[in-house]
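See below for the structure under consideration.
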Amino acid sequence: MPASAAKLIKELPVKGDRAVSVVTELDTGIPRPLEVALAAIVLLVTSPFILLASLAVALTSPGPIMFRQERVGRGGSLFTLYKLRTMHVSRTGPGVTSGDDGRITRVGKVLRHTKIDELPELWNVIRGDMSLCGPRPEVPGYVDLDSPEWQFLLQVRPGITDPVTMRLRNEETLLQTVEGDRERFYLEVLQPLKLSGYAEYLRHRTWRHDFRVLWQSGLAVVFPNKAQPPTLNDLLAQRLE
């Protein structure tokens, strides 16, 4: 077994015998040195967009330019995720965000639609908190460290993009169509589908696959209408399969 895989398994929060059955050797995707170099290059190239977006955030709503939030990383460790702020700081609400959320600023809507708000996450990649590709990190309140499913996923670093995230890139629009408790819908319907998709991705992950995911993610941002994302009915039907 490669040393990197052994290290991941050693760091996994094993509680009792339940975790033993889900621990396996996983491909970590793009080699770490190459990933850091790519993240640094993209961060440098996109820095003018980040600076312009930061100025727009500062001029249009009071509060910090950068949004910082605690997320769960590899092995269950916590880290601070960085994004450009897209919401009013004086308003509170649920942990999930829908497209019609009144907390989102006008500039924030543009930043979220273009994904420019996520560019600071490249710094998380350089720091070692995240990978370019991998399951999206969740907030601590949405993670069950006692769950074998979560223990399996937390063997690897979370990522900026992955096949599941690409398919659900209209997640906020989907949540907007949900009537009633949207946070409950997320936890009971959407998150389980995500976790299943993440696990399937990791079981077949290779560095070539991750490069393909990065390319497809870039195309999805530049040409958002090229592929039709799933509807709410599609997700509900998938849940019943």
Using a 7 Å offset from the Cα along the Cα-to-Cβ direction at both Leu55 and Leu78, what is the distance between the two label points in nm, to one decimal? 3.7
By the C-alpha gyration tensor axes a ≥ b ≥ c (rounded if a/c is under 1.5, else prolate when a/b exceeds b/c, else oblate), the shape of region 153-241 is oblate
Counting other Cβ atoms within 10 Å, which trypsin sites (Lys or Arg not before Pro) in region 22-111 have at most 11 and lie in a DSSP loop? Arg91
What is the gain in length, in nm to one decimal, between Ser196 and Ala40 on full extension, counting 0.36 nm per residue of separation less the C-alpha to C-alpha distance? 53.1 nm
16 Å Cα-Cα reach of Lys115 towards aspartates and glutamates, excluding residues that sit fewer than 8 places from it in its own chain: Asp162, Glu171, Glu172
Calculate the FRET efficiency for Leu145 and Glu179 from the Cβ-Cβ distance with a Förster distance of 30 Å, rounded to the nearest 0.05. 0.40
Where in the chain are the DSSP H helices whose alpha-carbon span along the long axis reaches 30 Å or more and whose Kyte-Doolittle mean is at least -0.5? 32-60
Ranking of His204, His113, His88 by count of other Cβ atoms within 10 Å, fewest first: His204, His113, His88
Taking the chain and counting helices only, DSSP H stretches of n ≥ 4 at -39,500 (n - 2.57) each over all residues, the nearest-500 ellipticity at 222 nm comes to -14000 deg cm²/dmol
How would Leu193, Leu51 line up from fewest to most surrounding beta-carbon atoms within 10 angstrom? Leu51, Leu193
Take each of the peptides 216-224, 147-155, average the number of other beta-carbon atoms within 10 Å over its residues, and list them starting from the highest. 147-155, 216-224
Under a GNM of the chain (C-alpha, springs under 10 Å), which listed residue has the highest mean-square fluctuation: Pro48, Pro163, Pro135? Pro48
Going through region 171-230, which trypsin sites (Lys or Arg not before Pro) have at most 12 other Cβ atoms within 10 Å and a DSSP loop state? Lys226
For region 69-83, 3J(HN,Hα) per residue [Karplus equation, 6.51 cos²θ - 1.76 cosθ + 1.60, θ = phi - 60°, Hz, x = Gly/Pro]: 8, 6, 10, 9, x, 4, x, x, 6, 9, 9, 9, 8, 10, 9
Treat the count of other C-beta atoms within 10 Å as a stand-in for reagent exposure and order Met166, Met130 from fewest to most. Met166, Met130
For the chain, what relative contact order do you get, as a whole percent, if you take Cα pairs closer than 8 Å and at least 6 residues apart? 25
List the residues, sorted by chain then number, that are 5 or more residues from Gly159 or on another chain and whose placed amide H is less than 5 Å from its amide H. Ser131, Gly134, Arg136
Over what distance in Å are the Cα centres of region 87-122 and region 162-226 separated? 17
Phi-derived 3J(HN,Hα) across region 115-127 with the Karplus relation (6.51, -1.76, 1.60, θ = phi - 60°), rounded Hz, x for Gly and Pro, is 6, 5, 5, 8, 4, x, 5, 4, 5, 4, 5, 5, 5
Cross-link pairs beyond the 20 Å C-alpha cut-off, checked among Lys83/Lys109; Lys109/Lys194; Lys194/Lys226: Lys109/Lys194; Lys194/Lys226
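Each value in this text was obtained by applying a stated rule to the coordinates, not by laboratory testing. Just so it is clear, the structure is predicted and the values come from calculations on it, not from any experiment. Note that we place each Cβ from the backbone using ideal geometry, even for glycine, and neighbour counts take in every protein chain shown.
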